[in-house]
Amino acid sequence: MLTLLAFVVALGLLIAVHEYGHYRVAVACGVKVLRFSVGFGKPLLSWRKKGSPTEFVICALPLGGYVRMLDEREAPVDPAERHLAFNTQPLRSRAAVVAAGPAANLLLAVLIYALVNWTGVEEPKPVLASPVAGSVAERAGLLGGEWVVEAAAADASPSAVGSFEDLRWRLTQAALSSEDMTLWVAEREGGSARPVRLALGALDVREADAALFQRIGITSPWSAPVVGEVMDGGAAAAAGLRAGDVVRRVDGKPVSDGQDLRSRIRAGAGATGEQVEQRWEIERAGQVMTLLVRPEPVQQADAWVGRVGAYIGAKPEMTTVRLGAVDGLVQGVVRTWEVSWLTLKMMGRMLIGEASVKNLSGPLTIADYAGKSASLGITSYLLFLALISVSLGVLNLLPLPVLDGGHLMYYLWEGVTGRSVSDAWMERLQRGGVVVLMALMSIALFNDVARLAG
């Protein structure tokens, strides 16, 4: 129920903001708006403001919306109202009305990011866990426990890293742009920092997923190797482990942190799925004891990994990231631009085959993420809304004839040549745009089903 509610609220809000952008600018340009609709199908609620020609409608299917304006191309127009028709407006006004929808979504994202910056968000401190074996981070000499002070992609000037989530975002950008990244790390907070260069440019990045961070080697913030909640019937419960146990050694080798312990557990399954017994040296209430743990083999993709049925790793140290009025707004603009540009780059790379179309997500994945983010709290849900709002804005600016960007493409042609696109060409382009859009939606839906099934 939470997933459905979060999805409907998110979709309804983003569509309403998008259509309101069209509506508000149309009215400002002197265009008569006949209907403002959120959703399609049977109207559930409708009203009209006193003295306004616009009917506001909320419909049963919240999968889109529209603003219907007076237009001679759609229906006969009273000569006395011809100056109010959309098609009679100057080019700059028509372009402004069309661009206002995506612009409203991008502006909403700026405001949401700014709001989160102003109110503050609790995030893990930028302290690194043990790097994944054979990863870029391990080859660069990182050991785990380092405090990341600053970071810089390629040869840019370094800037302070505020949290582990900040670091992950920068690593994502650098990896998808095939740029190396330099981290300045210290052994402790406030200590002297040394540079470490991560060779991210050498990675063949086709998908922005969990496997990417496995290859980079920076998957989580540092946490103590403590056993958390133990599930009934799991390997941890069978071995006698309890919440709060501190794991010191596994098979005689010291355990450095929670990430190291998780890696040992994953390795606790043989290549063909057999169980491998491990000797865990733990500390409980000041006493040291040894327990025999047999991780349960679970097939993941083409490999077998071990699971013990317990939460592994203490909660990482947290920090409150909060910015002032001006800085928070500026960072909201910066983050919106970064997400927009990264989205465009990924689309471009998918178009030329340098990135996988598996990066496309459809309504099922969006609904799943809506529910998960809502369950984590209002801040997570707001950040989800900002991300989807950026995606909606950028998608609608693509030069596909059925989208706002396609109409802007027509107006660009009109501005350059001095004549509008002919009706015949308009019809051909619209048909082609529908085919392309349906193909993209089919791929996204297929990816959704594959993700949920996996």
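The values are calculated or read from the model by the stated rules, or taken from the named source; none is laboratory data. Being a predicted model, the structure only gives us computed values, none of them experimental. Virtual Cβ from ideal backbone geometry, glycine too; neighbours counted across all protein chains shown. Only protein heavy atoms, including side chains, enter the accessible area calculation; ligands, DNA and RNA are left aside. Shrake-Rupley method; radii C 1.70, N 1.55, O 1.52, S 1.80 Å.
Of all residues in region 289-323, how many are part of a loop (DSSP other than H, G, I, E, B), in contact (Cβ under 8 Å) with a residue 60 or more places away in the chain and either farther than 30 Å from residue 248 by Cβ or open to solvent by less than 80 Å² (accessible area, probe 1.4 Å) (or both)? If you could, list the steps in order and put the result at the bottom.
Keep residues of region 289-323 that are part of a loop (DSSP other than H, G, I, E, B), which gives 294-295, 301-302, 308-309, 313-317, 322-323.
If we keep only those that are in contact (Cβ under 8 Å) with a residue 60 or more places away in the chain too, we end up with 295, 308-309, 313-317, 322-323.
Now narrow it down to the ones that are either farther than 30 Å from residue 248 by Cβ or open to solvent by less than 80 Å² (accessible area, probe 1.4 Å) (or both): 295, 308-309, 313-314, 316, 322-323.
Residues in region 289-323 being part of a loop (DSSP other than H, G, I, E, B), in contact (Cβ under 8 Å) with a residue 60 or more places away in the chain and either farther than 30 Å from residue 248 by Cβ or open to solvent by less than 80 Å² (accessible area, probe 1.4 Å) (or both): 8 in total.
Kindly indicate whether residue 139 is more than 20 Å from residue 211 (Cα to Cα) and not hydrophobic (A, V, I, L, M, F, W, C).
Values: more than 20 Å from residue 211 (Cα to Cα): no; not hydrophobic (A, V, I, L, M, F, W, C): yes.
It is false that residue 139 is more than 20 Å from residue 211 (Cα to Cα) and not hydrophobic (A, V, I, L, M, F, W, C).
Residues checked against (1) of a type in the set (Val, Ile, Thr); (2) in contact with a helix residue (DSSP H, G or I) (Cβ under 7 Å, 6 or more places away or on another chain):
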residue: 84; (1), (2): no, no
residue: 107; (1), (2): no, no
residue: 121; (1), (2): yes, yes
residue: 124; (1), (2): no, yes
residue: 135; (1), (2): no, yes
residue: 145; (1), (2): no, no
residue: 150; (1), (2): no, no
residue: 173; (1), (2): no, yes
residue: 176; (1), (2): no, yes
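Keeping to region 136-159, report how many residues are within 24 Å of the chain's Cα centre (by Cα) and open to solvent by less than 40 Å² (accessible area, probe 1.4 Å).
So the count comes out to 7.
Mind checking which residues of region 144-159 are in a loop (DSSP other than H, G, I, E, B) and among the hydroxyl-bearing types (Ser, Thr, Tyr)?
Within region 144-159, just 157 meets the criteria.
Would you point out the residue of region 76-116, among those that are in contact with a Cys (Cβ under 7 Å, 6 or more places away or on another chain) and of a type in the set (S, T, N, Q), that is surrounded by the most Cβ atoms within 10 Å (Cβ to Cβ)?
The qualifying residue surrounded by the most Cβ atoms within 10 Å (Cβ to Cβ) is 89.
Quick one: would you say residue 31 is touching a helix residue (DSSP H, G or I) at 6+ places or on another chain (Cβ under 6 Å), open to solvent by less than 50 Å² (accessible area, probe 1.4 Å), at pLDDT 85 or above and part of a loop (DSSP other than H, G, I, E, B)?
Yes; evaluated as a whole, the condition is true for this residue.
Quick check: is even one residue across region 32-39 within 28 Å of residue 423 (Cα to Cα) and of a type in the set (Phe, Trp, Tyr)?
Yes, that holds for at least one residue.
Return yes or no: is residue 60 loosely packed, with under 14 Cβ neighbours inside 10 Å and of a type outside the set (Phe, Trp, Tyr)?
yes
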